[in-house]
């Protein structure tokens, strides 16, 4: 995995300048079997990044531009009547939509009504599409990347919480640094067209996804991940004061699951055969930032979800000596 990670980043460097953190988070989600929601202003090469990543992994790629008039069948596919010329009989035939691919880019997913947004729910969760009472399995691996513009909210349809929870990560794509932007302008205004080479096959990816789940995680690391999710639930009590002040709702159990899966995949990317609390902290922000609901106090004070995650990381401590004790179930946390 670590060798593949190094080769993938080398190939992506041919066409993508910077965005190392974004690429790492995309690969973590991919090898953990999750989906990503990319948030960033237009022009930051989100589509190019996804297409290039699909090329390096020899995956089929489809892009859907979400618009207010897009219908669910435009994504999942539709049934049409087909006549057999030899017998004259007619029957329904299912025509597959763009969701039947390995990597689906749902561009500006918040610009289409909830009915069409919901068409992706079954595909994301069950990796199948139901049409005419029949189930159609999607190809494996299946990976949804949805994009949102964080600035323009007029005429948009915010994703419901149930659908947001299906995304493993919310990845924030930021503006490039000055030297990176210089290199972007220099490369994209010339005639060079670099060729991206394939690094992994379908079988390699499926094998690595299976291996991620076999990475061992110590009990104290799982409990550490649980604390990130549980300390956001103000309704349960016993949470920090800033959570009571700034949050309306906290993260559910799926957050704990994705924290551990993300930590496993990150450990493999960096060549380690076990996940640690450092890996949990590294994936905490992309896992939690779209699962915690901020209230008016947070907006008034300029507090973001990432700031809440940062404060939680400072609040939760690991007693390394207790965690290293092989006997029993020690108390491994202390709160400052």
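None of the figures in this text is laboratory data; all of them are computed from the coordinates on show. Note that this is a predicted model, so its numbers are computed, not measured. Counting neighbours? That spans all protein chains shown, and the Cβs are built from the backbone with ideal geometry, glycine included.
Could you work out the relative contact order of the chain, using alpha carbon pairs under 8 angstrom and six or more residues apart, expressed as a whole percent?
Rounded, it is 20 percent for the chain.
At 7 Å along the Cα-to-beta-carbon direction for both residue 135 and residue 10, put a label point, then send me their distance in nm to one decimal.
4.2 nm
Under 16 Å from a point 7 Å along the Cα-to-Cβ line of residue 211: which residues of segment 31-56 have their amide N that close?
31-33
For helix 20-32, what angle does its Cα long axis make with the longest principal axis of the chain, in degrees from 0 to 90 and rounded to 10?
80 degrees
Quickly rank 242-253, 265-276 as a protection proxy: mean count of other C-beta atoms within 10 Å, highest first.
265-276, 242-253
I want to make sure I understand the PRE zone here: with the label point 7 angstrom from the Cα of residue 273 toward its beta carbon, which residues in segment 181-224 have backbone N atoms less than 16 Å away?
211-218
So for segment 1-136, averaging the separation of alpha carbon pairs under 8 Å that are six or more residues apart and normalising by length, what relative contact order in percent results?
22 percent
Over its Cα atoms, what ratio of radius of gyration to 2.2 N^0.38 Å does the chain give?
1.09
Kindly state, to the nearest 0.05, the FRET efficiency for residue 301 paired with residue 121, given R0 = 51 Å and r defined as their beta-carbon distance.
Once rounded, the FRET efficiency stands at 0.90.
Can you give the helix-only mean residue ellipticity at 222 nm for the chain, where every DSSP H stretch with n ≥ 4 adds -39500 (n - 2.57) and the sum goes over all residues, rounded to the nearest 500 deg cm²/dmol?
Calculated mean residue ellipticity at 222 nm is -12000 deg cm²/dmol.
At a 10 angstrom cut-off on C-beta neighbours, averaged per residue, how do the peptides 162-171, 185-194, 24-33 rank from highest to lowest?
Ranked from most to least packed, the peptides come out as 24-33, 162-171, 185-194.
What is the projected area of the convex hull of the Cα atoms of segment 74-191, averaged over all directions, in nm²?
One quarter of the hull surface, i.e. the mean projection, equals 12.3 nm².
Simple spin-label model, 7 Å along Cα-to-Cβ: residue 156 to residue 3 in nm?
So the label points at residue 156 and residue 3 sit 4.3 nm apart.
Just to confirm the number: angle between the C-alpha axis of helix 46-56 and the first principal axis of the chain, 0 to 90 degrees, nearest 10?
Taking Cα atoms only, the helix is inclined about 80 degrees.
What is the Cα convex hull volume of segment 216-335 when expressed per residue in Å³?
101 Å³
At 0.36 nm per residue, and after removing the present C-alpha to C-alpha distance, how many nm does the segment from residue 58 to residue 128 gain when stretched out fully?
Using 0.36 nm per residue and subtracting the Cα-Cα distance, I get 23.1 nm.
Nearest 10 degrees is fine. How inclined is helix 202-212 to the longest principal axis of the chain, computing both from alpha carbons?
20 degrees
Ranking request for peptides 297-304, 211-218, 48-55, 255-262: highest mean number of other beta-carbon atoms within 10 Å first, then the rest in descending order.
Averaged packing, sorted descending, gives the order 255-262, 48-55, 211-218, 297-304.
So for the pair residue 178, residue 248, with labels modelled 7 Å out along Cα→Cβ, what separation do we get in nm?
Placing both labels 7 Å along Cα→Cβ, they lie 4.1 nm apart.
Could you work out how far the C-alpha centroid of segment 238-277 sits from that of segment 37-53, in angstrom?
25 Å
Would you mind calculating the gained length between residue 188 and residue 67 on full extension (0.36 nm times residue separation, minus the Cα-Cα distance), in nm to one decimal?
40.7 nm
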